[in-house]
Amino acid sequence: MPTLTDNAICLRRWDFSETSQTVSLLTERHGLLRGLAKGSKRSDGRFSGGFDPLTRGQITLITKAGRDLATITEWHLAEVYWAPRQHLVANRAGIYMVDLTSRMLREQDPHPEVFQALESAQRACTDRDRIGIETLIFQWRLLDACGYRPELDVDSGTGEAIDVEADVIRFSPILGGVIETSQSGDAVRVRNSTIQLLRQVAQGDFVAAASDIEGVPRANRLLAVCFRSLLGEAPEAMEWAFGDLG
């Protein structure tokens, strides 16, 4: 039975008994893990700070083949992400990011880039003006890490060039990117400026992307529609963050 020690972000927790909890964790090197923390509700040193969603700490746990839950032996709280506890918009964004992470990643499938993206977003969201752009960056990085990076430069159905100068561009969430014609029934019409903003995010030019105050919400909603298409539904957390996506 291997013992693992890793940095982890607590995504969710559930009461298991009067003294114990089950938790869902995104670890840096081992991916998504679920575990049972026996006695975690007691005031002893093995679980310092307790388990709360959107906190980061160091976890030690024991995994065993064939078991859904690992056995958590230690948790040392290192950081509390305060923004979701202080601002409603940050709270909805934080819950949305956690929910997407839980739904998109498979257990024990390492994605250190997603861990780093979630960690970075939660730290930066203490600045209210950055909540939108940090949500957008996280959505893009999660899509990319899961193999669904949107195609922005050529027709996602045919691979042919598109008219990059057009004022309005069609985008297909099912095909995963821009398309030249309306051959996909799910195609939506988006502004060219929204696609340009996403290109800036893809290139890591976050300063330029953040400066488009009106474009960031539109781009966020477009990527949320991509996730809705992949998941086959709009989860409650998505509706809390964006309302009716249409």
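Derivation of every value follows stated rules applied to the coordinates shown; laboratory data play no part. Note that this is a predicted model, so its numbers are computed, not measured. For neighbour counting, all protein chains shown are included, and Cβ atoms are generated from backbone atoms with ideal geometry for every residue, glycine included.
Look at the dipole of region 83-242 built from charges on Cβ: of 227, 84, 111, the Cα furthest out on the positive end belongs to 84. Each Lys or Arg adds one and each Asp or Glu takes one away; over the other residues whose Cβ falls under 15 Å from the Cβ of residue 52, this sums to +3. When each of 98, 168 is scored by the number of other beta-carbon atoms lying within 10 Å, the sequence from fewest to most is 168, 98. With neighbour counts taken as other beta-carbon atoms within 10 Å, the residues 18, 233 rank, fewest first, as 18, 233.
As a proxy for reagent exposure, 69, 11 were ordered by neighbouring Cβ count within 10 angstrom, fewest first; the result is 69, 11. Around the Cα centre of region 81-121, unit charges on the Cβ atoms of Lys, Arg, Asp and Glu (plus for the first two, minus for the last two) sum to a dipole of about 220 debye. Residues whose amide H falls under 5 Å from that of residue 12, counting only those 5 or more places apart or on a different chain, are 24, with hydrogens built in the peptide plane.
Going by Cα centres, region 151-175 and region 75-145 are how many Å apart? After rounding, the separation between the Cα centres reads 29 Å.
If R0 is 41 Å, what FRET efficiency do you get for residue 15 and residue 186 from their C-beta distance, rounded to 0.05? The partial results should precede the final answer.
Values: r = 40 Å, r/R0 = 0.99.
For residue 15 and residue 186, the calculated efficiency is 0.50.
Rounded to whole numbers, the Karplus 3J(HN,Hα) couplings from phi for region 67-80 are 9, 6, 10, 7, 9, 8, 9, 8, 8, 10, 5, 10, 7, 10 Hz, using 6.51 cos²θ - 1.76 cosθ + 1.60 with θ = phi - 60°, and x at Gly and Pro.
If you sort the three axes of the alpha carbon gyration tensor as a ≥ b ≥ c, you get a/c of 1.5 or more for region 15-63 and a/b above b/c, which makes it prolate. If the chain linking residue 79 and residue 149 were pulled fully straight, counting 0.36 nm for each residue of separation and taking away their Cα-Cα distance, it would gain 22.2 nm. Given (1) 19.6, 63; (2) 17.6, 55; (3) 41.0, 132 as candidate values of Rg and Dmax of the Cα atoms in Å, which corresponds to the one derived from the coordinates? Calculated Rg and Dmax of the Cα atoms in Å: the matching label is (1).
Report note on the peptides 48-58, 216-226: ranked by the mean count of other C-beta atoms within 10 Å, highest first, their order is 216-226, 48-58. When only the Cβ of Lys, Arg, Asp and Glu is charged (+1, +1, -1, -1), the dipole of the chain relative to its Cα centre reaches about 1020 debye. Beta bridges per DSSP, both residues in region 129-218: antiparallel share near 90 percent.
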